[in-house]
Amino acid sequence: MTIFFNRERLNPFSSIVGILMMSLVLVGLFFIAKGIFWVLAKAAFFLLAAALIIHYKTVVDFGKWLWNTIRTNPLQGIFLTALGVLLYPVLFAYLFVRALVNRKVSKLQDAVQQERDGEWVDFEELETTFNQRKQRAEKKELESTDRYSDLFE
């Protein structure tokens, strides 16, 4: 099968227009990313404080992980530390989101644990005498020997 190109429809400027449109989209994405990074930079320390308040173990566990990475693999640990310092707004936003998720997961685990174990209930201990327990036992014994009442169960 032969494919014929229509040379009259090929416009040399159509590729230039495509390249210009692609560059405009990329420039627009750059400015959007720059704006998001600027907002995160302004809110970074508030996000870190909120992460510490919401679920402080998340931030502590991240610090322990980073320290263990530095001890076990110094090159990777130093690289990750430097990357964290350079991209601190993104790191603090990540820690904030992770603290929210960890708090939600821990609440769900507590609810499942409470549902599985049940809830402790305060109760009052009733005073019973030996005669009252004896009467209840005799009543149960009488009910079990009564064949007429078995017909209605």
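Across region 17-74, the number of residues qualifying as of a type in the set (S, T, N, Q), surrounded by 12 or more Cβ atoms within 10 Å (Cβ to Cβ) and over 15 Å from Tyr94 (Cα atoms) comes to 2.
So is Tyr94 of a type in the set (Phe, Trp, Tyr) and at pLDDT below 95 or not? Taking the combined requirement at face value, the residue does not satisfy it. Only one entry in Val60, Val27 is closer than 30 Å to Leu100 by Cβ and at pLDDT 95 or above, namely Val60. Restricting region 72-115 to residues that are part of a helix (DSSP H, G or I) and among the polar types (S, T, N, Q) leaves a set whose member that is nearest to the chain's Cα centre (by Cα) is Asn102.
Working only within region 58-89, note down all residues that are under 25 Å from Val105 (Cβ atoms), out of contact with any Ser or Thr (no Cβ under 7 Å at 6 or more places or on another chain) and without any contact (Cβ under 8 Å) to a residue 40 or more places away in the chain. Scanning region 58-89 gives Val60, Asp61, Phe62, Gly63, Lys64, Trp65, Trp67, Asn68, Thr69, Gly84. Pairing each residue of region 99-118 that is closer than 24 Å to Ala51 by Cα and in contact (Cβ under 8 Å) with a residue 12 or more places away in the chain with any residue that is surrounded by 11 or more Cβ atoms within 10 Å (Cβ to Cβ) and among the acidic types (Asp, Glu), provided the two are 6+ apart or on different chains, yields C-beta distances under 9 Å for Asn102/Asp61. Any chance region 99-106 includes a residue that's modelled with pLDDT of 90 or more, hydroxyl-bearing (Ser, Thr, Tyr) and over 23 Å from Leu40 (Cβ atoms)? Yes; the residues of region 99-106 include at least one that is modelled with pLDDT of 90 or more, hydroxyl-bearing (Ser, Thr, Tyr) and over 23 Å from Leu40 (Cβ atoms).
Evaluating Arg9 against the criteria (1) within 24 Å of Ser106 (Cα to Cα); (2) modelled with pLDDT under 95; (3) not hydroxyl-bearing (Ser, Thr, Tyr) leaves one unmet condition, (1).
The values are calculated or read from the model by the stated rules, or taken from the named source; none is laboratory data. Keep in mind that what you see is a predicted model, and the values were worked out from it rather than measured. Positions of Cβ are backbone-derived with ideal geometry, glycine not excepted, and every protein chain shown enters the neighbour counts.
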